[in-house]
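Each remark here refers to the structure printed beneath this line.
Just so it is clear, none of the values below were taken in a lab; they were calculated from the coordinates. Bear in mind the structure is a predicted one, so any value in this text is a computation, not a measurement. Note: ideal-geometry Cβ built from the backbone for every residue, glycine included; neighbour counts use all protein chains shown.
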Amino acid sequence: MAASNRLSQVRFASNLSEQVVEDILTRRRIKTDKEVEELYLADKGLTDVHDLRRFRYLKKLWLNGNRLRQISCLTTNFRVCELHLNDNELIEISGAIGHLTCLQTCMLHNNQLTKLDKVTREFKRMQNLHTLNLFDNPIAQEPEYRLFVIQSCPSVKLLDRQEVTKREKDIARRIYHSEDKAQGKVAFGRRSQGPPSLYYPATPQRPVTRASISGGKVVADNYMGNKTPFEDQEEAVNSRRLKKSLTMYSSFDWGKVPRIQQRRTSENVFGNPEIITRVYR
């Protein structure tokens, strides 16, 4: 019985939002969905919003001042660049707006958002996001909240109504980025095998010996793990270089291909551009 009541409430809320949208379209005499680029649904007392996929050209959406606890109406509205969701009751946005890669302005202040890492993960693919408000949420009380958001969303220039300064970016980079430490450990997408000194030790190595043991078994042993020491450091470096992965780049050589005017006026048959492949290690 409780589940049935809940389903009825969801349907009623969805129908209410749909009716509000229809009233707006009628009042503004909008006849086709493709004409809708801005939609103002603020302060309507909405607890749910029906799917807005019909508005494919929607760019700006106001849903602030409602009672929304989740957002799931923007599944295919990839053109949205301005989104107002502030002053609601949102408890999470995971999987709700991460696909909106055109988003430039996002207002999420005064909600109930928790788990800072999940919230910032939604902005990972947004390269054009420059204005973001997250204040008056539980996540804003977490230690080093502002610095974490700055390093998670490097394109943001205005965070919580305050400009992101170069000093803040530098501090966030020093705290959260480990590029300097990683340079000695990561090479071509995998861990490096260390400096050449591991391959070319400074002290002479013991010669490889073969020792007989009972039962006629012969054991070839070497305290370096059956690896013969390299003769010199250059040989060690070359050996390690050969173990690194290959990177290949292919491009077209257009230098020998005539321009369009020549192709039109000439009766000769021209071939296709040559493909040049470069291999780097």
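For this structure, a couple of remarks:
- Between residue 33 and residue 75, the simple label model (points 7 Å from Cα in the Cβ direction) yields a spacing of 1.2 nm.
- Extension reserve of the residue 237-residue 102 stretch, reckoned as 0.36 nm per residue once the Cα distance is removed: 44.0 nm
- Among beta bridges that DSSP assigns inside segment 2-177, antiparallel share in %, nearest 5: 10
- FRET efficiency estimate (nearest 0.05) - Cβ-Cβ, residue 176 to residue 140, R0 22 angstrom: 0.80
- This model, with +1 at the C-beta of Lys and Arg and -1 at the C-beta of Asp and Glu, gives segment 2-177 a dipole about its Cα centre of some 520 debye.
- Contour excess over end-to-end distance, with Cα ends at residue 161 and residue 112 and 0.36 nm allotted per residue: 15.8 nm
- Applying the criteria of a DSSP loop state and at most 16 other Cβ atoms within 10 Å to the chymotrypsin sites (Phe, Trp or Tyr not before Pro) of segment 46-92 yields 57, 78.
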